[in-house]
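Asker: Okay, here's the structure, questions in a sec.
The values are calculated or read from the model by the stated rules, or taken from the named source; none is laboratory data. Since this is a predicted model, take the numbers as computed values, not measurements. As a convention, Cβ positions derive from the backbone with ideal geometry for all residues, glycine included, and neighbour counts pool all protein chains shown.
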Amino acid sequence: MAHNSRTLVIFDDVWEALHDLEKLGIPTGSNHNYRCKAILTTRLRPVCDTMKAQKIMEIGTLPEEEAWILFKEKVGNSVDDPSLLDIAKDVSKECKGLPLAIITVAGALKRKTKPSWEDALKQLRGAETRNIPGVHTKVYRPLRLSYDHLESDEARYLFLLCSLFEEDSDIWIEELLRYGMGLGIFSEMKNLEHARNRVCLLIEILKDSFLLSQGSNKNYVKMHDVVRDVAIYIASEEEHIFMVRHDVNSKEFPKKDSYEQYSHMSIVANEFEELPRPIFCPKLKLLMLKLCFEKLFKLQDNFFNDMGELKVLSLSRYNEKSICPFPASIQRLSSLRTLRLINLKLDDISIIGELVNLEILSIRDSRLDELPKEIGNLTKLIILEFWNENRTLKRISTGVLSRLVRFEELHMVGVEDCSHSTLRELESLSKLTTLTLVECSRDVIYSKLVLPSKLTRYTIKVGYAYEESMDDYDKSIAFQVMETTPLGDWMCHLLKESEFVSSHGKGSNNVLTELQLNEFQNVKCLRLFDCDLVTHIFNISRTTHEVIKFPNLYELELQSLVCLTHFCSDNVDGIEFPQLRKMNFKYLPEFQNLWPTVNNSITHSNPLFDKKLYCNLFLGKCTSTLSLCPKSLRHT
């Protein structure tokens, strides 16, 4: 390499880190006689990290308009033919913005006739690209290499499981956990929390290999349709043989009596004229069956007769208008570990009590009057979840919860009978670590409960509408406390540990008292609404002056606190908000300023904030506000 030359070196398709660039003749470090830059392309983010790349640019999917421009560029003047234009646009859309697919498919169809275009479109829509010349090799091979480079069988298995979900769908990470637990992928994990951490690690590995991408929020991931097609193809060749049939009807499934080679099936049915007959699936471990039509439908009683190895079953419907009775043969699924029931109108589910090896029972968006006493027979259950915000579950039979001695997680959303007497059954469950209570009775927050000490994740919501931002925190409480009655000891304990606290009503004063006793050590987001008893957020009764600290507070929202005058009382020398980034103040008619007052005059000598604070502030209808920062900070 010549001295004083300006050189760009490109390493394309790198699969392992290059540790010694100087051996390749590329100067590094402090050798200023050479002006050299290196660019590398890779499908593995850890390669960039190991080689200490200064800037990492992820090539994501293209917007539809840009994708069409690239497609036209690569396919040439073929799209000038008016008879091909609409088909070409549809083909481009099916590439879903993935540059690799756009370039490869466009190149394969260059100068092809209309029948070739129509056949390619059909194959792209059917996830069968192997017969499009060049596409299978050029698209499949790099994605297959990414798959083969995954370091663990767990990561490969989880990747294949993602292909079972519908195209372009948000994949709930917790659902992957539940399926993985049922299939025994994480059997060596000590407990559910360890398994959850493992899933999160595997998700990051798959993201770093660009096999998965971020979903709508942190709880979801997505699989690009082209990547999904490759995953389905891989799964058809390997030990775990998958069958993915979406948008099928009774003429297409079942076509035969035996599906003995398949270990995983995902079926989405749009129409069934008759009851599907039982099929022979002796190796089947996982079945996802979704019915997307409104007419009355039931599975034959012997539908599950020949699925003796089934470990994971997910049944869901398009709507819950008609009752979905369980086939009698479900009790023969002695190996079943995970059962998910989604959007069903259920009648009597006592037959589930026969599934004594069941570990995870999830009932979401379904109508059910009673959780029967037979559920108490499921002594191996570690997760019980009922989630329907329409409050359809009227009763939980007495003695059910207390018998589930291996319980680690309980999620109850929309349970009408979520009262003190029901929750007392949790006191003896020493392994309980995660609790979700949404729309439970108001009396529970004043009651005397003794919850297990191992509780590390909880979401408690009483009263008003559910706050989505609660999901961003491991420990969150949101409730409407209209009474000034002291909170129960168990609630006070949880408040002191909480990261998210939102309180409506007169009882918010008690909430502040409990948080202040713990000096707000853990709270990251604090929201207070509609309380006429709060005059200060932090009220120190001691005469000594001191600095108060909110070490983790990130977001503060105060609204309709009609008596709030100042943030803290007079005997305060300062407040530290090292993490604060959002302040939202609305309808605070008596609020004057943030820092203390002495003899009704603003004290400027002792600024409230001892450091520069970079924070977004919204102030609305605070008609008495005099100032928001001391003069010393106004121009910093």
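Asker: Which of the residues that make up region 390-414 are at pLDDT 80 or above and over 21 Å from Ser428 (Cα atoms)?
Answerer: Once the filter is applied, which keeps residues that are at pLDDT 80 or above and over 21 Å from Ser428 (Cα atoms), region 390-414 yields Val413, Gly414.
Asker: Could we say that Leu564 is at pLDDT 80 or above, among the hydrophobic types (A, V, I, L, M, F, W, C) and under 22 Å from Phe529 (Cβ atoms) here?
Answerer: Yes: the conditions hold for Leu564.
Asker: Name the residue, out of Ile102, Ile87, that is surrounded by fewer than 19 Cβ atoms within 10 Å (Cβ to Cβ) and either at positive phi or of a type in the set (Val, Ile, Thr) (or both).
Answerer: The conditions single out Ile87.
Asker: Give me the residue from region 549-593 that is β-branched (Val, Ile, Thr) and within 18 Å of Leu515 (Cβ to Cβ) and, out of that set, surrounded by the fewest Cβ atoms within 10 Å (Cβ to Cβ).
Answerer: Going through the qualifying residues, I end up with Val572.
Asker: Please give the strands (runs of 3 or more DSSP E) falling wholly within region 472-591 in which 1 or more residues are farther than 25 Å from Leu437 by Cβ.
Answerer: Per the criteria, 536-538, 546-549, 555-559, 566-568, 572-576, 582-586.
Asker: Another question, then. Is it the case that region 173-186 has a residue that's over 21 Å from His264 (Cα atoms) and of a type in the set (Phe, Trp, Tyr)?
Answerer: The answer is no; no qualifying residue exists.
Asker: Now a separate question. So, in region 500-541, of the ones that are polar (S, T, N, Q), within 31 Å of the chain's Cα centre (by Cα) and at pLDDT 80 or above, which residue ends up nearest to Leu487 (Cα to Cα)?
Answerer: The qualifying residue nearest to Leu487 (Cα to Cα) is Ser508.
Asker: Within region 610-621, identify whether any single residue is modelled with pLDDT of 80 or more and either in contact with a His (Cβ under 6 Å, 6 or more places away or on another chain) or in a loop (DSSP other than H, G, I, E, B) (or both), and answer yes or no.
Answerer: yes
Asker: Also, I was wondering about something else. Mind checking whether some residue in region 168-184 is assigned to a loop (DSSP other than H, G, I, E, B), in contact (Cβ under 8 Å) with a residue 40 or more places away in the chain and more than 20 Å from the chain's Cα centre (by Cα)?
Answerer: Within region 168-184 (the criterion being assigned to a loop (DSSP other than H, G, I, E, B), in contact (Cβ under 8 Å) with a residue 40 or more places away in the chain and more than 20 Å from the chain's Cα centre (by Cα)), the answer is yes, since at least one residue qualifies.
Asker: Hey, another quick one. With the structure loaded, tell me whether Ser78 is outside any strand (DSSP E or B), polar (S, T, N, Q) and modelled with pLDDT of 80 or more or whether it fails that test.
Answerer: no
Asker: Another question about this same structure. Based on this model, can you work out whether Glu175 counts as modelled with pLDDT of 95 or more and closer than 30 Å to Ala101 by Cβ?
Answerer: Yes; evaluated as a whole, the condition is true for this residue.
Asker: I've got another one for you. Of all residues in region 81-90, how many are within 21 Å of Arg228 (Cα to Cα) and modelled with pLDDT under 85?
Answerer: 0
Asker: If only one of Glu65, Glu73 is at pLDDT 75 or above and within 30 Å of the chain's Cα centre (by Cα), which one is it?
Answerer: Only one candidate qualifies: Glu65.
Asker: While we're here: For region 362-375, how many residues are touching a helix residue (DSSP H, G or I) at 6+ places or on another chain (Cβ under 7 Å), of a type outside the set (S, T, N, Q) and either surrounded by 20 or more Cβ atoms within 10 Å (Cβ to Cβ) or in contact (Cβ under 8 Å) with a residue 60 or more places away in the chain (or both)?
Answerer: So the count comes out to 1.
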